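The values are calculated or read from the model by the stated rules, or taken from the named source; none is laboratory data. Predicted model only: the values in this text are computed from it and were never measured. In this analysis, Cβ positions are derived from the backbone assuming ideal geometry, glycine residues included, and neighbour counts consider all displayed protein chains.
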Amino acid sequence: MFVLLFVLRNAFRHKLRTTLTVVGIVVAIVAFGVLRTIVDAWYAGANASSSARLVTRNSVSLTFSLPLTYAQKLRQVSGVTGVAWANWFGGVYIKESNFFPQFAISAQTYLDMYPEFVLSPEEHRAFMADRTGAIAGRKLAEKYGWKVGDQIPLRGTIYPGTWTFNLRGIYDGAESGTDTSTFFFHFDYLNEKVKQMYPRRGDQVGVFVEQLRDPDEAAAVSQAIDATFKNSLAETLTETEKAFQLGFVAMSEAILVAIQAVSFIVIVIIMAVMANTMAMTARERYGEYATLKALGFGAGFVAFLIFAESLGIAMLGAGVGIALTFPVAQGFADAVGAILSGLAISRETMLMQVGAGLLVGVIAAIVPAWRAARIRIVDGLRTIG
Amino acid sequence: MAVAVEDTGREPLVAIRGLAKYYIRGDQVIPVLEHINLDVYEADYVALMGPSGSGKSTLLNLIAGIDKPSAGEIRVAGVDIAQLSEADLAAWRAANVGFIFQFYNLIPVLTAFQNIELPLQLTALTRAERRERVEVALQLVALTDRATHRPNELSGGQQQRVAIARALITDPAIIVADEPTGDLDRTTAEEILSLLERLNGELGKTIIMVTHDPKAAEKAHRLIHLEKGVLVD
């Protein structure tokens, strides 16, 4: 009790200095947490992907399409129990900055294959019954204030013109990591209109998604699919859904590495600031440490006081920082919209924040504690007066 | 040479023989104390005097066990403290020495009560026992009404009285005082010296005091002069 009181009073002896140090740690811990969360969000799609699904695209590039007729052949590949398809739409809702992913899907097969998108039976039926119907994720609907029954106009960029959809349902995620910021509508509607406007662009699909009978057969089935379309006009590249998602992540790998590096550099910087604070603090108190030692307190006790104070300040900053990471990350998510769909602070990130706080507290105290513990009493006493 | 050893037939509380202290700076050996032989008896009140740099504070530090001699022996109540390890010496100081410093050396974040209680944190006393002892010490130095005040809320004389109470609290064998009135005005200095006299006279405390002040030295039973690191008559 006495030691705790002593440490607390020491920690707040210079209120401005301690407050500024705590604020610095808070900023660093928040920055660390938000940056780590951004990196996590980048991988969220890949992490949430199923190992029981394959994605087939044009082997040349994702920007090249595949004939819709491939669907029939895909269903015949051994190990495939279902086939769905999707096209990236790339429309603009009101203004360019309102970005969110939009896909034209083979509605029934696609939703069967993605049970993580949870839709009420009534909304499911309504969507299926309306060729111009659409469904949106809960997060997306809440962001734009959409309600079931609303008409959602999208200005096409890949498919010119204004496309108006009837919102027939709002889906939720089966798990916390499920993306609920995507907009889906019927491929048939898109295909029908495209065929009217640009007959040569009709019956073309962006990607096929195959449901596997056994996830362990993923490699064999992928090879079988690609072999099926070997030497055709549109050769395919089939990979697991996770690999497909990671392919997107890989495009921004350098940025992610830089973000991760910055998140650690922030901690190193605050460590230096904290070490400077503790060094100043200990230097000012050499006389007091010498007095304590003269009274019979050991070098270990003096070192303990410095470590406890340093850890106290660091963990106070870390605690406040962790608490503030949630609203800051939410604010960031709101600002960037659907670009980063899964901006949720993970348990690992919080543990790393706690670890960073501990590390800052311990490392900042090592040199001052070592010096204070070793100071000769007579030398320390000379610093008073 | 051995000017402060008398054959009294009594066992000295502090017995110093052949004590030397020197510092080494590069190739130079700088002597601070040489050939010191000194006995201090229980309930003695000794004043160490001498010009600046004569080594009196160094001698006091050696007796108090906060510095180590280069040669010689310092026995306090039969224990050769020069031979103790750092940890043993710290424990020995906690049990046997009370310190009074020129600038009081109180811990600024602790109240007068807590400063006095500080040495008792190293003992096995219960909280209630510690409180009882501190209250007695506060009464002795007439600061009961200032128990909850921090050092910066006390005058110099009051701070020194808190330091005296802290020095007494563990009932040590000896009290060492380094210029205890050096930072005080004459009136306050008199109060502090009277208090030290009472500790010596009424409680039988052994006091070894370094001072420049002849009036402070007058209060002591014995006056020991140091000059250029040696004891002089």
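A:Trp146 meets each of the listed conditions (1) closer than 30 Å to A:Ala219 by Cβ; (2) outside any strand (DSSP E or B) apart from (1).
Whenever a residue of the stretch A:110-139 is farther than 21 Å from A:Thr164 by Cβ, its partners that are not in a strand (DSSP E or B), lying with C-beta atoms within less than 6 angstrom and at least six residues away or across chains, give the pairs A:Glu116/A:Ala174; A:Glu116/A:Thr178; A:Val118/A:Ala174; A:Arg138/A:Thr180; A:Lys139/A:Thr180; A:Lys139/A:Ser181.
Of the candidates A:Val34, A:Val3, the single residue that is among the β-branched types (Val, Ile, Thr), over 30 Å from A:Ala234 (Cα atoms) and within 27 Å of the chain's Cα centre (by Cα) is A:Val34.
Residues in the stretch A:1-38 that are exposed (fewer than 14 other Cβ atoms within 10 Å of the Cβ) and more than 10 Å from chain B (Cβ to nearest Cβ): A:Leu4, A:Lys15, A:Leu16, A:Thr19, A:Leu20, A:Val23. Residue count for the stretch B:165-196, restricted to those that are in contact with a Gly (Cβ under 7 Å, 6 or more places away or on another chain), farther than 21 Å from B:Ile66 by Cβ and part of a loop (DSSP other than H, G, I, E, B): 1.
For residues in the stretch B:111-128 being surrounded by 21 or more Cβ atoms within 10 Å (Cβ to Cβ) and facing another protein chain (nearest Cβ under 7 Å), which is farthest from B:Ile175 (Cα to Cα)? If we take residues in the stretch B:111-128 being surrounded by 21 or more Cβ atoms within 10 Å (Cβ to Cβ) and facing another protein chain (nearest Cβ under 7 Å), then B:Leu118 is farthest from B:Ile175 (Cα to Cα).
A quick yes/no check of all residues on (1) within 8 Å of chain A (Cβ to nearest Cβ); (2) surrounded by fewer than 22 Cβ atoms within 10 Å (Cβ to Cβ); (3) more than 13 Å from the chain's Cα centre (by Cα); (4) not β-branched (Val, Ile, Thr):
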position: B:Pro51; (1), (2), (3), (4): no, yes, yes, yes
position: B:Ile74; (1), (2), (3), (4): no, no, yes, no
position: B:Arg93; (1), (2), (3), (4): yes, no, no, yes
position: B:Tyr104; (1), (2), (3), (4): no, no, no, yes
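Looking only at the stretch A:293-314, decide whether some residue is within 35 Å of the chain's Cα centre (by Cα), surrounded by fewer than 24 Cβ atoms within 10 Å (Cβ to Cβ), assigned to a helix (DSSP H, G or I) and aliphatic (A, V, I, L, M). Checked against the condition, which is being within 35 Å of the chain's Cα centre (by Cα), surrounded by fewer than 24 Cβ atoms within 10 Å (Cβ to Cβ), assigned to a helix (DSSP H, G or I) and aliphatic (A, V, I, L, M), the stretch A:293-314 yields at least one hit. Among the residues of the stretch B:208-221, those that are under 17 Å from the mean Cα position of the chain (by Cα) and over 22 Å from B:Ala20 (Cα atoms) comprise B:His212, B:Asp213, B:Ala216, B:Ala217, B:Lys219, B:Ala220, B:His221.
Residues that are part of a loop (DSSP other than H, G, I, E, B), under 29 Å from the mean Cα position of the chain (by Cα) and not assigned by TED's automatic domain parsing to the domain that holds A:Asp216: does the stretch A:37-44 have at least one? I'd like the intermediate steps shown before the answer.
First, the residues of the stretch A:37-44 that are part of a loop (DSSP other than H, G, I, E, B): none.
So far as the stretch A:37-44 goes, no, none of its residues is part of a loop (DSSP other than H, G, I, E, B), under 29 Å from the mean Cα position of the chain (by Cα) and not assigned by TED's automatic domain parsing to the domain that holds A:Asp216.
Residues in the stretch A:150-165 that are within 26 Å of A:Pro199 (Cβ to Cβ), more than 28 Å from the chain's Cα centre (by Cα) and assigned to a strand (DSSP E or B): A:Pro153, A:Arg155, A:Thr162, A:Trp163, A:Thr164, A:Phe165.
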